[in-house]
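A.B. asks: The structure follows.
Rule-based calculations on the coordinates, nothing more; no lab input. Remember, it's a predicted structure, so these values are computed and weren't measured experimentally. Neighbour counts are summed over all protein chains in view; Cβ atoms, including those assigned to glycine, are modelled from backbone coordinates with ideal geometry.
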Amino acid sequence: MKKTLLIAIMVSLFSISSASAQFLGQLTPAPTVNKGEALLGAYLGVYEDAFSVFGQVRYGMIKYLDLGFKMGMIDWSPGYGASNTGLTLGGDVKYWFMEQRTGDPIDVSVGVGSEHLDVSDYSLVSAGGNVIASYQIAYAEGKTVSPYGRLNVRWERHSYKSPRVQPVGWENGNGSESDTDVALALGAELQLPSDLSLVGELQIDDNVGFVAGVNYNVF
């Protein structure tokens with residue numbers, strides 16, 4: 001019964017109409033950063049219509065709760081105009097409530113976050129919630145790999161700044177539209193014997209992409 005309900009929810013979510021995409025992704029498994037510690041990350045993203053370079057900082061506020069901030073540059077051609085470069089940034093809060101090391105089958109966390117994109121003729125603001133699940137596998141002394149997945153459900157508002165670049169099919173005369181969207185991120189983090197880890201992530205969104213980079217734990 002539970003599996004049937006989960007499948008029904010997933011199908012209904014993916015049937016929601018969509019218009020744009022998020023670009024900053026998840027890039028960490030479900031566990032949060034320890035209280036008083038920080039994580040730094042640097043990433044490169046390649047998407048259907050875009051290319052991005054950005055960084056992340058996460059900080060453990062209390063046990064099982066951390067917050068993160070991402071910022072970088074993006075070169076985007078959304079299908080109705082010339083390629084243009086701008087700023088993308090986002091923030092989120094994550095709470096870890098299922099813990100593999102204490103006997104739970106997997107690690108699971110939930111979170112809320114927002115992302116903003118601003119290029120020369122277009123802007124996008126989105127906000128929503130995430131469910132993140134991961135499973136840590138030890139394959140050598142001091143080395144682990146953690147496959148993870150994130151389901152993101154969000155509201156977004158996207159606007160064009162000039163009537164000359166209005167996309168075909170947009171009927172709203174004020175140059176903006178709001179929508180709901182859903183996306184899936186599938187990735188893995190490879191923990192090395194030091195505080196450094198490598199991460200790669202496939203983002204299944206309106207603008208499919210792949211992001212790769214490094215995470216470094218700061219104590």
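A.B. asks: Going by how many other Cβ atoms sit within 10 Å of their own, how do LEU67, LEU40 line up, fewest first?
C.D. replies: Values: LEU67 17, LEU40 14.
Least crowded to most crowded, the residues run LEU40, LEU67.
A.B. asks: Compute the label zone of TRP155 within the stretch 97-124: residues whose backbone N is under 19 Å from the point 7 Å along Cα-to-Cβ.
C.D. replies: Correct set: 111-117, 123-124.
A.B. asks: Which of the GluC sites (Glu not before Pro) found in the stretch 46-141 are loop residues per DSSP with 14 or fewer other Cβ atoms within 10 Å of their Cβ? Each step should come with its number before you reach the end.
C.D. replies: Values: sites: GLU48, GLU99, GLU115, GLU141; in loops: GLU48, GLU99, GLU141.
For GluC sites (Glu not before Pro) across the stretch 46-141 that sit outside H, G, I, E and B with at most 14 neighbouring Cβ atoms in 10 Å, the list reads GLU48, GLU141.
A.B. asks: Determine the dipole magnitude for the stretch 30-218: charges of +1 sit on the beta-carbon of Lys and Arg, -1 on that of Asp and Glu, nothing else is charged, the reference point is the Cα centre, and the result goes in debye to the nearest 20.
C.D. replies: Details: 12 positive and 23 negative charges, 92 e Å.
So the dipole magnitude of the stretch 30-218 works out to roughly 440 debye.
A.B. asks: With each label point set 7 Å from Cα along the Cα-Cβ vector, what nm distance links LEU192 and LEU89?
C.D. replies: Reported label-point gap for LEU192 and LEU89 is 3.0 nm.
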